1. Within segment B:216-257, can you find the residues that are assigned to a loop (DSSP other than H, G, I, E, B) and within 13 Å of another protein chain (Cβ to nearest Cβ)?
2. Find all pairs meeting these conditions: Cβ atoms under 7 angstrom apart; at least six residues apart or on different chains; first residue within segment B:206-229 and in contact (Cβ under 8 Å) with a residue 12 or more places away in the chain; second residue assigned to a helix (DSSP H, G or I) and within 16 Å of ligand 1 (Cβ to nearest atom).
3. Restricting to segment A:78-112, name every residue that is within 6 Å of ligand 1 (Cβ to nearest atom) and more than 14 Å from every other protein chain (Cβ to nearest Cβ).
4. Output the number of the condition that residue B:304 fails; it satisfies all remaining conditions of (1) out of contact with any helix residue (DSSP H, G or I) (no Cβ under 7 Å at 6 or more places or on another chain); (2) more than 8 Å from chain A (Cβ to nearest Cβ).
5. Any chance you could count how many residues in segment A:156-189 are closer than 25 Å to residue B:13 by Cβ, within 7 Å of another protein chain (Cβ to nearest Cβ) and away from ligand 2 (no atom under 16 Å from the Cβ)?
6. Which residues, taken from segment A:216-236, are more than 7 Å from every other protein chain (Cβ to nearest Cβ) and touching a helix residue (DSSP H, G or I) at 6+ places or on another chain (Cβ under 8 Å)?
7. Restricting attention to segment A:21-50, and to residues there that are more than 16 Å from ligand 2 (Cβ to nearest atom) and modelled with pLDDT of 95 or more, which single residue is nearest to residue A:179 (Cα to Cα)?
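The values are calculated or read from the model by the stated rules, or taken from the named source; none is laboratory data. Note that the structure is a prediction, hence the values are computed from the model and not measured. Positions of Cβ are backbone-derived with ideal geometry, glycine not excepted, and every protein chain shown enters the neighbour counts.
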Ligand SMILES: Cc1cc2nc3c(=O)[nH]c(=O)nc-3n(C[C@H](O)[C@H](O)[C@H](O)COP(=O)(O)OP(=O)(O)OC[C@H]3O[C@@H](n4cnc5c(N)ncnc54)[C@H](O)[C@@H]3O)c2cc1C
Ligand SMILES: Cc1cc2nc3c(=O)[nH]c(=O)nc-3n(C[C@H](O)[C@H](O)[C@H](O)COP(=O)(O)OP(=O)(O)OC[C@H]3O[C@@H](n4cnc5c(N)ncnc54)[C@H](O)[C@@H]3O)c2cc1C
């Protein structure tokens, strides 16, 4: 099987995000960069499929030079090779541009199944998987929590509000991974050593021949609206506190 | 020239979902600023009868695509029909719901139309003739104001944030060609959640429990409180990872992002990843025995005490209040 996993490097979930004074983005200085957690599920599922059915796993990532670390992490987990799309032309890319960049590379590689994360936890757009599917003309299965491979097709479970869908799709297709799909493995020490020697092809925008103008632009980044300071509910015992809380929720907050 | 605001309504099992009314009312507000028309796309099998309901919330014209192949929802089929309706009618703005289906569909449609999309917006306005979308990024740690330099400008709106105000318009039906190719994906089964509880992303009230609940049995008191407040029970990741609650209950950066009217956090410390998922709630209550817990920095009302004592009392109080 030829399996592709798309990974994005994002700020660690612990990161405190500080907006630049001029609103042009966020301060990147203090940030620790990691693989998008949903992409870990995608890489893990790719590796499990390979282990069971043979084949190889290619990691594709668009990002600045530091994104190479994330590609190496995926290789250390067990993926075979990588493609790093690296060009300042992508600095202001949106999901549409990223999806087309990924598609330009993936078109040149054999592919039976392509994994993305259901969303990147920085921009939270949740668009790339579906846009990539459109660019490649393939069916998409988003938010997948279970996957069964059946030769020429896959059967997946995807949760929707108040229900679960079981869907079968002919390969090749795009799957976006949701938490619950699996437990991603950690890279082992030998894995990390081996990863250093695995091939990673670095490509620039010109090599892909795609436009890099974003359609969606973040005109301004702003800090979240400040919440007014809260109240600590007073009372001598739990019953009094509960009564006072009930009153406040009813009369002041009008929430019940 | 592209003109007017179009919404993509969402229905399931022959009933419109609440987000559809939120979309209609928001579209009406935007369109009224320029005296434009609001239209809607409504896809499914035998759904024409729902058009009038959209009219109630401000939709002038409803494009109905009726085809058994559109029921239940299959991405590629819906995307093909929706994209064609959009192309044929050339709206300046298209709004989707940022529900599971809306997110899945909007990205595919935006790619088909080679335009940009702002996902999960919490505010939309017109500024200088352009749509300006405010959306949380980094799970609400900051917000971005997104503009789209292509037509149509597409946005998906976070459920439960935009008011669904009534404003009766015609809701006149135009039937459209809804033929689709044979699909590569097939829905084998729809397994409904039989608990009858509203999904966290749509709930007005959420009673959430974390590691402080001590075990799965602890949630019984939260279920009782939720029952009284007609709410849904949520959980922190610690509780989900411990196997006390199912994955679908997780609130946070790697779970669901929620914005209910009332969020009651019980025995949850308020880790940054949890706060990310619930800080856009309208009213936040924290019940925690540790006065230093970070959850209190986001709470409108905090109770510092043992939750096992406070929650049952609160349930009793609420029972009287809602009676
Ligand atoms: C103002 C601004 C500045 C930006 N600066 C940069 C920059 O400096 N460098 C840069 O690379 N991008 C930059 N981008 C692009 C941006 O970070 C996103 O990659 C793009 O908007 C896609 O949206 P998302 O990350 O929310 O993806 P989502 O659609 O949420 O991601 C879903 C999945 O798609 C895949 N995916 C997403 N992005 C990538 C990727 N880059 N490579 C591989 N797979 C991916 C992953 O599997 C991911 O889990 C910038 C965007 C804006 C608006
Ligand atoms: C990549 C990544 C993603 C993550 N994503 C998420 C996410 O999406 N959602 C999420 O929730 N977490 C997420 N986390 C985990 C997060 O960092 C915290 O570990 C988690 O939220 C802690 O859960 P908790 O508050 O229930 O537990 P704890 O932090 O252990 O807090 C338990 C609280 O209960 C209180 N308590 C105990 N007993 C009582 C009592 N009898 N009465 C009153 N109070 C009591 C304690 O004082 C304490 O404050 C993520 C972590 C990582 C690394």
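1. Taking segment B:216-257 first, the residues assigned to a loop (DSSP other than H, G, I, E, B) are B:229-231, B:236, B:242-246, B:252-255, B:257.
Hits for segment B:216-257 are B:229, B:230, B:231, B:243, B:245, B:246, B:252, B:253, B:254, B:255, B:257.
2. Pairs that qualify, where the first residue is in contact (Cβ under 8 Å) with a residue 12 or more places away in the chain and the partner is assigned to a helix (DSSP H, G or I) and within 16 Å of ligand 1 (Cβ to nearest atom): there are none.
3. Residues satisfying the conditions are A:90, A:91.
4. With respect to (1) out of contact with any helix residue (DSSP H, G or I) (no Cβ under 7 Å at 6 or more places or on another chain); (2) more than 8 Å from chain A (Cβ to nearest Cβ), residue B:304 is out only on (2).
5. Matching residues across segment A:156-189 total 10.
6. Step one: of segment A:216-236, the residues more than 7 Å from every other protein chain (Cβ to nearest Cβ) are A:225-226, A:228-229, A:234-236.
If the condition is that a residue be more than 7 Å from every other protein chain (Cβ to nearest Cβ) and touching a helix residue (DSSP H, G or I) at 6+ places or on another chain (Cβ under 8 Å), then A:234, A:235 are the ones that fit.
7. Of all residues in segment A:21-50, those more than 16 Å from ligand 2 (Cβ to nearest atom) come to A:21-30, A:45-50.
If we keep only those that are modelled with pLDDT of 95 or more as well, we get A:45-50.
Numbers: A:45: 12, A:46: 15, A:47: 16, A:48: 16, A:49: 17, A:50: 20 Å.
Checking each candidate, the answer is A:45.
Residues checked against (1) touching a residue at least 60 places away in the same chain (Cβ under 8 Å); (2) within 16 Å of ligand 1 (Cβ to nearest atom); (3) assigned by TED's automatic domain parsing to the domain that holds residue A:52:
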position	(1), (2), (3)
A:114	yes, yes, yes
A:126	no, yes, yes
A:140	no, yes, yes
A:159	no, no, yes
A:166	no, no, yes
A:170	no, no, yes
